[in-house]
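The values are calculated or read from the model by the stated rules, or taken from the named source; none is laboratory data. Since the model is a prediction, treat every value here as computed from it, not as a measurement. Note that we place each Cβ from the backbone using ideal geometry, even for glycine, and neighbour counts take in every protein chain shown.
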Amino acid sequence: MRKYRWQAPLTLVFIVLGIFLSLQYQSQNLIGSDLSMQRTENLIAMVRGLSEKRQKLALEIVDLNMHFNSQQNSYLDESKLAENLISDMNKMSFLTGSTTLNGAGLIITIGQSMPILYIDIIDIVNELWAAGAEAITINEVRINGQSVIFYTEDDYSMYITINNTRLEFPVVIKALGEPNNLEKGLTLPGGIIDTLALFKAYPILEKSNSLTMPPVFNQPSHIFLSEYKPPEQTAATEPAKTP
Amino acid sequence: MRKWIVPLTIVCLITGFLLAFQLKALTDASSVNPMSQKNNNLISIIQNLEQEITGQENQVEKIRQELDTLQQNQQAPGKLNEMQEQLRDMRLWAGLTPVVGNGVIITVDDNKEGLKAKPNDDPNRYIVHYEHILSLVSELKRGGAEAISVNGQRLITTSEIRCVGNVILVNTTRIAPPFEIRAIGSPHNLAEMVTNGELEVMKATNYPISFQAENEVIIPAYKGELQFDLSQVAKED
């Protein structure tokens, strides 16, 4: 019997090994985009974002209802109708960029010698919108949904372009919005400023109480797009695709 | 008598190695614990909020439509009529109107096959990241896209495309793979930009992709909020 004394410990070791193996397999399968695979802090961030969105939507519904009532009651009252139209157009102008805007915000300056790619500019703009920016300009060019941030190259080097015009350094990006939120959106750990620092680019951030954003130069003309009128007036005909 | 020492040492070594590996996998996905009660609570909060937001968005869409119809029906006199036309045009560009036209439909999905084949590889190399979508969208804009949507979320000026963890958000709305990007514009120009760019890169790294030019691409209106209260429209003189 003495010969088999190692059997018990070895069995035990194999059982433990088996458990670890299966655990290992499980943890490998647990990484994905499903909610149950996310870290607690990310889930908290999502809750925060959604709560904020719900609050803003509630305000929007109040606004729209007021607007609807006012429109209904001002039938044939020309000045009231004009007032409504102007307030509507002002709201739209935030998206089309067709008016001059004033407000507080953040100025980001990227100096001459910093290694910046067009995708970094896109990233900064993207993060600023996410942080609640209401308007953005890059070197005094107002950004709207149709703005094109890209690059072009000649024999010597590559240039960043905004609406097909070469972007000159220093690049000054201005954003209207709550200055602290805008700054936080860029400087949060692992955020765009951290990423740029890895490439030895250190944009300078500066809060400002009064910024003026010029309007876009010209409204584009639409060639391919036209308003879609659903055959039946039901929302179900729209190709909405949400998870 | 000491015959068992060698096999046991080997087994212990293997166990130790696996233990260390296990620990590493755990720190990689630190605090990812799907069984955690706290996470489950957070997930149900998220799902409730999402449901509520969908209701709100439908309401917003409905009132906007009614308002639009009302404005059209109120036969406004001369100058007001002109302003109304202008407003309709602005809405079209801003993304508040559902639109239709020539364009393309791109779909990209996680490389599930690739991950299955190499389960020990970093899964981040197989899932679609927000950077992929952001690049595709930028290229579509460069190709002259007049309207773009991602999984039914219309992109407007202030839309952001980003991620929290591995979840991609557009207009703060969670979207899941497969991702469908629709764009209206010249199919030829749009195709030229993406197929020489990000889409080609994704194809080369074995992501399942598809690209289709279509005559009638329908893109829904933006259904979210438009609360701009921090800045003021400058008075025109």
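Quick one: B:Ile148 ticks every box in (1) closer than 30 Å to A:Glu41 by Cα; (2) crowded, with 23+ Cβ neighbours inside 10 Å; (3) within 9 Å of chain A (Cβ to nearest Cβ) except a single one, so which number is it?
So B:Ile148 meets the others, but not (1).
Is at least one residue of the stretch A:64-80 facing another protein chain (nearest Cβ under 7 Å) and closer than 30 Å to A:Leu196 by Cβ?
No, that holds for no residue.
For the stretch B:173-189, what are the residues that are in a strand (DSSP E or B) and free of Cβ contacts under 8 Å to residues at least 60 places away in the same chain?
Correct list: B:Ile175 only.
Only one of B:Asn189, B:Asn171, B:Asn215, B:Asn196 is in the same structural domain as B:Ile106 (by TED's automatic domain parsing), at pLDDT below 90 and within 23 Å of A:Gly145 (Cα to Cα); which?
B:Asn196
Residue by residue, here is whether (1) modelled with pLDDT of 85 or more; (2) surrounded by fewer than 16 Cβ atoms within 10 Å (Cβ to Cβ); (3) among the aliphatic types (A, V, I, L, M) holds:
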{"residue": "A:Ser22", "(1), (2), (3)": "no, yes, no"}
{"residue": "A:Gln26", "(1), (2), (3)": "no, yes, no"}
{"residue": "A:Gly32", "(1), (2), (3)": "no, no, no"}
{"residue": "A:Asn42", "(1), (2), (3)": "yes, no, no"}
{"residue": "A:Met46", "(1), (2), (3)": "yes, no, yes"}
{"residue": "A:Leu50", "(1), (2), (3)": "yes, no, yes"}
{"residue": "A:Met92", "(1), (2), (3)": "yes, no, yes"}
{"residue": "A:Ile108", "(1), (2), (3)": "yes, no, yes"}
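So A:Asn180 passes all but one of these: (1) assigned to a strand (DSSP E or B); (2) over 20 Å from A:Lys91 (Cβ atoms). Which condition number does it fail?
(1)
Could you list, in sequence order, the residues of the stretch B:157-172 that are assigned to a loop (DSSP other than H, G, I, E, B) and under 14 Å from A:Leu128 (Cα atoms)?
Within the stretch B:157-172, B:Thr157, B:Thr158, B:Ser159, B:Glu160, B:Asn171, B:Thr172 qualify.
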